Amino acid sequence: MNHSRTDVVVGLFVLIGLTCLGYLAIRLGKLELFAAQGYVVSADFASVAGLKLGDPVEIAGVRVGRVEGIGLADDKARLTLRFSDEVKLQEDVIASVRARGLIGDKFVLVSPGASDKIIPPGGKIRETDSPPDIPDLIGKIVGGDLTSKGEKKDESSK
C-alpha cells in the first residue's frame, strides 16, 4: 500500500512539471492558443531589418501590441501590427523601428500624434521611420573626409 502512495505522488509531480514545461514553451515561443484580440493596422517602411514576427509594439515604453505580419508591398516592407482594443491611434502617429541597445532586440515604437481623427481597424499608419543602417554609418565615419571644409591642407611639404 505504501508503494502505491509513492507512485501517486511521483505521478503528480511529473504532471505538474509537464504542465509548467508546456506553459513555458507557449510563453517563450510567443504562441497564442486563443483567437487574437485587438485590431490590425498596417505600415510601410523602407527597411525593417532585424524585426521578427511577434516583436513588441510600444508607446512610451509600454507594450500595446505586436508585429503580426511582415511582407513586401510596392518595394517597401509592409508590417501588419496588432494593437489592443484599448489603444486608439491618431491619424498622425509616427511608427519607427528601434533596437534595445547596440545589438538588442528590435521593436516598433509608435509616437502619439495630436490629430482628432482615429485610425480605424484595418487602416494604415502613414508616417514611418526606418532604422539607420549601422554598416553604412560606420562606413561614412571611417571613410569620410576628416578635414573640415574650412581648413586647407598644409602645402609646406613642397
Scattering curve values for the stretch 42-119, log₁₀ I(q)/I(0), Debye with Cα scatterers, q = 0.27 Å⁻¹: -1.41
Pair Gln37, Ser4: separation of 7 Å Cα→Cβ label points (nm): 4.5
Low-density loop positions, trypsin sites (Lys or Arg not before Pro), the stretch 84-117 - DSSP coil, at most 12 other Cβ in 10 Å: Lys88, Arg100, Lys117
Stretch gain in nm, segment Ser47-Leu18, where the contour uses 0.36 nm per residue and the Cα spacing is subtracted: 6.3 nm
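Sorted by packing (mean other beta-carbon atoms within 10 Å per residue), highest first, where do 11-22, 76-87 land?
Values: 11-22: 10.0, 76-87: 16.4.
Ranking the peptides 11-22, 76-87 by packing returns 76-87, 11-22.
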Cα-projected label distance for Arg100 with Lys76, points at 7 Å along beta-carbon direction, nm: 2.8
FRET efficiency estimate (nearest 0.05) - Cβ-Cβ, Ile26 to Glu86, R0 30 angstrom: 0.80
Mean Cα-pair separation over length for the stretch 33-131, i.e. relative contact order, pairs under 8 Å, 6 or more apart, %: 35
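Taken together, the values in this text are just the output of simple stated rules run on the coordinates, not laboratory data. If you're wondering where the values come from, they're calculated on a predicted model, not measured in any experiment. In this analysis, Cβ positions are derived from the backbone assuming ideal geometry, glycine residues included, and neighbour counts consider all displayed protein chains.
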